[in-house]
Amino acid sequence: MINPKIYLDICCFNRPYDDQSQLKIELETKAKLFVQDLIITKKIDLSWSYILDFENSKNSHSQKAAAIQKWRKIAVSDIDESPEIIELAKNIQKTGIKNIDSLHIACAVFSNCEYFLTTDRRILKYSSDKIKVCDPIDFVRIWEDLVNDE
């Protein structure tokens, strides 16, 4: 099996730092940590982007920002801003996705990611034939199906 390529938006990277007292958040965190293990063991490939750098730089907690930034070095690709990404993001915005979120999705599509992982309920409603948008829990289900189908 060729490693699937994924993109995690900043809310997904931040999920382990959220209040874990809600079951949904705790489960998403566990799933996100499982995804991290898949990345570290090179079973899936991670894509990074300039918009992740931008959003992470706005993190008021420097230790959290530093921990998230380390994933950039692990990523197999790092997407820079381009006119093509901006144009794609504008088209994505027409579906109701906000500016920053549309840039994340555009970077993921431009990077040829198969999956876009987020915990943002608004983004999870986005549908495209170019990329599968899902939360970490759903991705774990997808991953298990991929592995079991081998």
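A few notes on this one:
- Looking across region 4-46 at every residue that is in a loop (DSSP other than H, G, I, E, B) and touching a helix residue (DSSP H, G or I) at 6+ places or on another chain (Cβ under 9 Å), the one that is surrounded by the most Cβ atoms within 10 Å (Cβ to Cβ) is identified as Asp9.
- Residue check, Leu52 in contact (Cβ under 8 Å) with a residue 40 or more places away in the chain, assigned to a strand (DSSP E or B) and closer than 19 Å to Ser111 by Cα: no
- Of the residues Gln63, Gln69, the single one that is in contact with a helix residue (DSSP H, G or I) (Cβ under 8 Å, 6 or more places away or on another chain) and over 21 Å from Ser102 (Cβ atoms) is Gln69.
- Taking the criterion of being closer than 24 Å to Asn148 by Cβ, touching a residue at least 24 places away in the same chain (Cβ under 8 Å) and more than 11 Å from the chain's Cα centre (by Cα), the residues of region 1-28 that qualify are Met1, Asn3, Pro4, Leu27, Glu28.
- Taken together, Ala75, Ala65 contain a single residue that is within 17 Å of Cys12 (Cβ to Cβ), without any contact (Cβ under 8 Å) to a residue 12 or more places away in the chain and of a type in the set (Gly, Ala, Ser), which is Ala65.
- Residue in region 17-27 that is farther than 23 Å from Lys130 by Cα and either in contact with a strand residue (DSSP E or B) (Cβ under 8 Å, 6 or more places away or on another chain) or of a type in the set (Gly, Ala, Ser) (or both) present: yes
- Region 32-49, residues that are more than 29 Å from Ile85 (Cα to Cα) and in contact (Cβ under 8 Å) with a residue 40 or more places away in the chain: Phe34
- Flag if Ile85 is of a type outside the set (Lys, Arg), part of a helix (DSSP H, G or I), free of Cβ contacts under 8 Å to residues at least 40 places away in the same chain and out of contact with any Lys or Arg (no Cβ under 6 Å at 6 or more places or on another chain): yes
- Criterion violated by Ile79 - all others in (1) at pLDDT 95 or above; (2) under 23 Å from Leu27 (Cα atoms) satisfied: (2)
The values are calculated or read from the model by the stated rules, or taken from the named source; none is laboratory data. What you see is a predicted model, and the numbers here were worked out from it, not measured in a lab. Glycine also receives a Cβ, built like all others from the backbone with ideal geometry; neighbour counts cover every protein chain displayed.
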